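Peer 1: Supplied in structure tokens, the structure appears directly below.
The values are calculated or read from the model by the stated rules, or taken from the named source; none is laboratory data. The structure presented is a predicted model; accordingly, all values stated were derived computationally and were not measured. Virtual Cβ from ideal backbone geometry, glycine too; neighbours counted across all protein chains shown.
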Amino acid sequence: MSTQGNDLGRELSSAVVLFHQAVAARVGLSAGDFKTLELVAREGPFSATELARRTGLTAAGITSVIARLAAGGHVVRETDPGDRRRAIIRATDADHPELAGAFKDLGQALGGAIVDYTPAEQQAIVGYLHRMVDVLREQTVRLGST
């Protein structure tokens, strides 16, 4: 990738992180805590160990995140029915309409940004974005394991 591409990737990353920080601040969370909550809500429940692996955080780091999310009523710790020695972390059903609105607005704006492309170009863009998500997830796990 060219230097310009590297700079663009970093600029995109910064814009995404800052957007998520602004959204998270609406419910009193940091961007990292918010994204962890979103992961648990979307793909959980998780054990703390699995959540640490998925987020790239250390055991101590994920314990702190879970404690903050639990204190805010965003997650609960439950005994794993398959292994009573292990706890699982599950998102609560807390409703935050302001978050849904922010993501709806973002989705509409992003949809408007892609409308000028042909269907074939749109398909290529969407395919590229899916690959980017996979690479970012792999790199997150890699960084957390080193």
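Peer 1: Restricting the stretch 97-122 to residues that are of a type in the set (Gly, Ala, Ser) and surrounded by 11 or more Cβ atoms within 10 Å (Cβ to Cβ), which is farthest from the chain's Cα centre (by Cα)?
Peer 2: GLY101
Peer 1: Do we find a residue being more than 17 Å from the chain's Cα centre (by Cα) and at pLDDT 90 or above anywhere in the stretch 88-96?
Peer 2: Yes: the stretch 88-96 contains one or more residues that are more than 17 Å from the chain's Cα centre (by Cα) and at pLDDT 90 or above.
Peer 1: I'd like to check something: does the stretch 123-131 contain any residue that is basic (Lys, Arg), surrounded by fewer than 14 Cβ atoms within 10 Å (Cβ to Cβ) and either within 20 Å of GLY28 (Cβ to Cβ) or under 17 Å from the mean Cα position of the chain (by Cα) (or both)?
Peer 2: Yes, the stretch 123-131 has at least one match.
Peer 1: For a quick check of your reading: which helices (runs of 4 or more DSSP H) sit entirely within the stretch 10-119 and have at least 3 residues that are farther than 26 Å from GLN139 by Cβ and of a type outside the set (S, T, N, Q)?
Peer 2: Answer list for the stretch 10-119: 59-71, 97-114.
Peer 1: Follow-up. Out of the residues in the stretch 88-136 that are among the charged types (D, E, K, R) and free of Cβ contacts under 8 Å to residues at least 12 places away in the same chain, state the one that is nearest to ALA67 (Cα to Cα).
Peer 2: Top of the filtered list is ASP93.
Peer 1: Give me the pairs: first residue in the stretch 15-34 and under 11 Å from ALA102 (Cβ atoms), second residue of a type in the set (Ser, Thr, Tyr) and outside any helix (DSSP H, G or I), beta-carbon distance under 8 Å, and six or more apart or on different chains, which are they?
Peer 2: Short answer, once both residue conditions are applied: ALA24/SER30.
Peer 1: Still on this model: May I ask you to verify whether VAL141 is among the aliphatic types (A, V, I, L, M) and surrounded by fewer than 12 Cβ atoms within 10 Å (Cβ to Cβ)?
Peer 2: Details: among the aliphatic types (A, V, I, L, M): yes; surrounded by fewer than 12 Cβ atoms within 10 Å (Cβ to Cβ): no.
Considered against the rule, which asks whether it is among the aliphatic types (A, V, I, L, M) and surrounded by fewer than 12 Cβ atoms within 10 Å (Cβ to Cβ), VAL141 comes out as no.
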